[in-house]
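Participant: Following this message is one structure expressed as structure tokens.
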Amino acid sequence: MFIDKKAFSSFSVNDIDKAKEFYQGTLGLSANTVEMGGGFKMLELDVTGGTKVMIYPKPNHMPATFTVLNFPVDNLEKTVDELTAKGVKFEQYDIGDMKTDKKGIVRGDGRAPDIAWFTDPAGNIISVLNNP
């Protein structure tokens with residue numbers, strides 16, 4: 001039933017214009033506004049490989065308590081530095097074996113990659129991690 005079908009992910013935000021500014025302006029992604037009629041608009045992110053991510057406005061939006069989007073990168077340290085320079089604040093965690101360093105990076109132990117988390121303007125959690 002789902003074989004050879006192109007799936008996509010979606011999540012909500014409380015302000016579609018702020019989301020577009022963040023995803024396009026700060027993260028450098030292609031973020032296209034999709035007019036749905038009746039003044040309702042969504043945001044379509046184009047990520048590498050032709051994958052689409054839909055972001056939709058929700059008046060009673062509650063940020064996810066989990067990671068909604070992951071970006072594998074070739075150089076995590078450089079990516080964190082570049083995003084920090086653009087004003088992105090990385091999360092700090094100290095939960096059991098998961099402890100971030102001063103940059104907000106959890107250093108993998110060989111079984112897990114190095115990873116860092118930040119939030120979008122709506123509070124959704126996003127990660128950047130070493131490209132496996």
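Participant: Could you say whether any residue in region 85-98 is in contact with a Ser or Thr (Cβ under 6 Å, 6 or more places away or on another chain), surrounded by fewer than 18 Cβ atoms within 10 Å (Cβ to Cβ), in a loop (DSSP other than H, G, I, E, B) and hydroxyl-bearing (Ser, Thr, Tyr)? I'd like the intermediate steps shown before the answer.
Facilitator: Filtering region 85-98 for residues in contact with a Ser or Thr (Cβ under 6 Å, 6 or more places away or on another chain) gives 86, 92-93.
If we keep only those that are surrounded by fewer than 18 Cβ atoms within 10 Å (Cβ to Cβ) as well, we get 86, 92-93.
If we keep only those that are in a loop (DSSP other than H, G, I, E, B) as well, we get 86, 92-93.
So of that shortlist, the ones also hydroxyl-bearing (Ser, Thr, Tyr) come out as 93.
Yes, because at least one residue in region 85-98 is in contact with a Ser or Thr (Cβ under 6 Å, 6 or more places away or on another chain), surrounded by fewer than 18 Cβ atoms within 10 Å (Cβ to Cβ), in a loop (DSSP other than H, G, I, E, B) and hydroxyl-bearing (Ser, Thr, Tyr).
Participant: To continue, here is another question. Scan region 118-132 for residues that are over 11 Å from Leu76 (Cα atoms) and either out of contact with any helix residue (DSSP H, G or I) (no Cβ under 9 Å at 6 or more places or on another chain) or crowded, with 20+ Cβ neighbours inside 10 Å (or both) and jot them down. Give the derivation first.
Facilitator: Residues of region 118-132 that are over 11 Å from Leu76 (Cα atoms), as a first pass: 118-126, 132.
Once the filter is applied, which keeps residues that are over 11 Å from Leu76 (Cα atoms) and either out of contact with any helix residue (DSSP H, G or I) (no Cβ under 9 Å at 6 or more places or on another chain) or crowded, with 20+ Cβ neighbours inside 10 Å (or both), region 118-132 yields Thr119, Asp120, Ala122, Gly123, Asn124, Ile125, Ile126, Pro132.
Participant: Moving to a separate point now. Can you tell me how many residues within region 32-60 are under 16 Å from the mean Cα position of the chain (by Cα), more than 15 Å from Ser10 (Cα to Cα) and modelled with pLDDT of 90 or more?
Facilitator: 0
Participant: Inspect region 9-20 for any residue being aromatic (Phe, Trp, Tyr), within 19 Å of Thr119 (Cα to Cα) and in a loop (DSSP other than H, G, I, E, B) and give the result as yes or no.
Facilitator: First, pick out the residues of region 9-20 that are aromatic (Phe, Trp, Tyr): 11.
Narrowing further to those that are within 19 Å of Thr119 (Cα to Cα): 11.
After this cut, where a residue has to be in a loop (DSSP other than H, G, I, E, B) as well, the list is none.
Looking through region 9-20, none of the residues is aromatic (Phe, Trp, Tyr), within 19 Å of Thr119 (Cα to Cα) and in a loop (DSSP other than H, G, I, E, B).
Participant: Give me the pairs: first residue in region 100-128 and within 14 Å of Asn70 (Cα to Cα), second residue assigned to a loop (DSSP other than H, G, I, E, B) and of a type in the set (A, V, I, L, M, F, W, C), beta-carbon distance under 7 Å, and six or more apart or on different chains, which are they?
Facilitator: Phe118/Val88; Asn124/Ala64; Ile125/Ala64; Ile125/Phe66
Participant: Limited to region 31-80, what total is found for residues that are charged (D, E, K, R), part of a strand (DSSP E or B) and surrounded by 11 or more Cβ atoms within 10 Å (Cβ to Cβ)? Let's see the steps before the verdict.
Facilitator: Taking region 31-80 first, the residues charged (D, E, K, R) are 35, 41, 44, 46, 52, 58, 74, 77-78.
Then drop every residue that is not part of a strand (DSSP E or B), which leaves 35, 41, 44, 46, 52.
From what's left, surrounded by 11 or more Cβ atoms within 10 Å (Cβ to Cβ): 41, 44, 46, 52.
Total meeting the criteria: 4.
The values are calculated or read from the model by the stated rules, or taken from the named source; none is laboratory data. Please read these numbers as outputs of a predicted model, since none were measured by experiment. Glycine also receives a Cβ, built like all others from the backbone with ideal geometry; neighbour counts cover every protein chain displayed.
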